[in-house]
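Step one of this worksheet: look at the structure below.
The values are calculated or read from the model by the stated rules, or taken from the named source; none is laboratory data. It should be emphasised that the depicted structure is a prediction, and the values quoted were computed from it without experimental measurement. Neighbour counts run over all protein chains shown; Cβ positions are idealised from the backbone, glycine included.
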Ligand code: A2P
């Protein structure tokens, strides 16, 4: 319905992703009727802007979801588990940024450019994939459609903003303290994050019996679910690097049919939401600092994997808080509005 307005709640409005959601809703002119912000009791009463309006943050524990049409959740898995079903049962459509429902068969897992049709069968909750999955799958989809994918080997280089605002502050403080020769404190990260790469995401209790972290397993499970292909083999290493914003990934793809780098470049350039930067001789390739604050997924270093018959390598970079989280969630809501599915 054109010109209809929707009452929107941002849950986790004070956090890193919530802040991006507030910005993006405004910059994309999302048809917001009334807006509500929710967070923990610590933030209750805090005032955040919506355009020129002052909005008081509500304590999620006490919030009443009635009257909300769209609830954008980004306050962590436990809060989603508890409150997203409540929001959905009071008629809101929930777009959930946590991992709480991603592998639930009843819940679509959606990247609008890749599998928009999946969203339309929702039963009140739609899951936003993990940030690393979203950017990788944006680069995989046109390759998969053309040549099929047999196997993926991915290593991620993930920025600290993925661990929240406190993690960004910790990296900055550690960097200052280290350079001044002071003692470095680690509250969020298990080790000094400044000037270090840590092969563990998230920070605690994350290793499974098979030796992979939960973040790594998300890349496997979510890729299969989104591409609806359980035969795709994926192996992955997820690493936190001392970059503030923007995740990078080295992605190796074994395709079923041969695909030349030139053809892959063309397909990726034509794919919505992807920008190819690939002039290595002129030192032009994607960087976290290029992607940070932007909407697109950037792909470069596209080249043949010469160790196998049908293989490609590429370097994939995106703003983990935007396309990797807030933007993708808002695009899902826009898709539902466009299809009158809300
Ligand atoms: P708060 O700022 O009140 O702690 P980040 O990813 O940047 O760490 O942000 C996490 C978001 O989740 C914040 O908005 C935070 O609110 C919210 N949050 C954390 N714990 C709770 C909770 N127990 N109930 C509601 N919101 C929470």
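Tabulated data for the structure shown
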read-out: Qualifying residues in region 50-66 (those that are part of a strand (DSSP E or B) and in contact with a helix residue (DSSP H, G or I) (Cβ under 8 Å, 6 or more places away or on another chain)) - the one farthest from the ligand (Cβ to nearest atom); value: 50
read-out: Among the residues listed as 342, 332, the single one being at pLDDT below 95, in contact with a helix residue (DSSP H, G or I) (Cβ under 7 Å, 6 or more places away or on another chain) and closer than 21 Å to residue 96 by Cβ; value: 342
read-out: Number of positions in region 112-167 that are in contact with a strand residue (DSSP E or B) (Cβ under 9 Å, 6 or more places away or on another chain), away from the ligand (no atom under 16 Å from the Cβ) and assigned to a loop (DSSP other than H, G, I, E, B); value: 6
read-out: Any hit, region 231-253, residues being assigned by TED's automatic domain parsing to the domain that holds residue 268, more than 22 Å from residue 287 (Cβ to Cβ), under 21 Å from the mean Cα position of the chain (by Cα) and surrounded by fewer than 16 Cβ atoms within 10 Å (Cβ to Cβ); value: yes
read-out: Any hit, region 86-107, residues being buried (at least 21 other Cβ atoms within 10 Å of the Cβ) and within 12 Å of residue 14 (Cα to Cα); value: no
read-out: Candidate set: region 67-82, residues that are more than 18 Å from the chain's Cα centre (by Cα) and in a loop (DSSP other than H, G, I, E, B); chosen: the one nearest to the ligand (Cβ to nearest atom); value: 68
read-out: Filter result for the condition that a residue is more than 9 Å from the ligand (Cβ to nearest atom) and either in contact with a strand residue (DSSP E or B) (Cβ under 8 Å, 6 or more places away or on another chain) or over 23 Å from residue 88 (Cα atoms) (or both), over 18, 33, 12; value: 33
read-out: Condition met for residue 103 (near the ligand (Cβ under 9 Å from one of its atoms), touching a residue at least 12 places away in the same chain (Cβ under 8 Å) and outside the structural domain of residue 223 (by TED's automatic domain parsing)); value: no
read-out: Region 11-38: number of residues that are touching a helix residue (DSSP H, G or I) at 6+ places or on another chain (Cβ under 8 Å) and farther than 22 Å from residue 167 by Cβ; value: 6
read-out: Conditions (1) closer than 15 Å to residue 130 by Cα; (2) surrounded by fewer than 18 Cβ atoms within 10 Å (Cβ to Cβ); number of the one not met by residue 197; value: (1)
read-out: Residue within region 179-200 that is touching a residue at least 60 places away in the same chain (Cβ under 8 Å) and part of a helix (DSSP H, G or I) present; value: no
read-out: Residues satisfying the stated conditions in region 23-42, i.e. in a loop (DSSP other than H, G, I, E, B) and surrounded by 12 or more Cβ atoms within 10 Å (Cβ to Cβ); value: 28, 30, 31, 40
read-out: Condition check for residue 45: assigned by TED's automatic domain parsing to the domain that holds residue 87, within 15 Å of the ligand (Cβ to nearest atom) and either part of a strand (DSSP E or B) or more than 26 Å from the chain's Cα centre (by Cα) (or both); value: yes
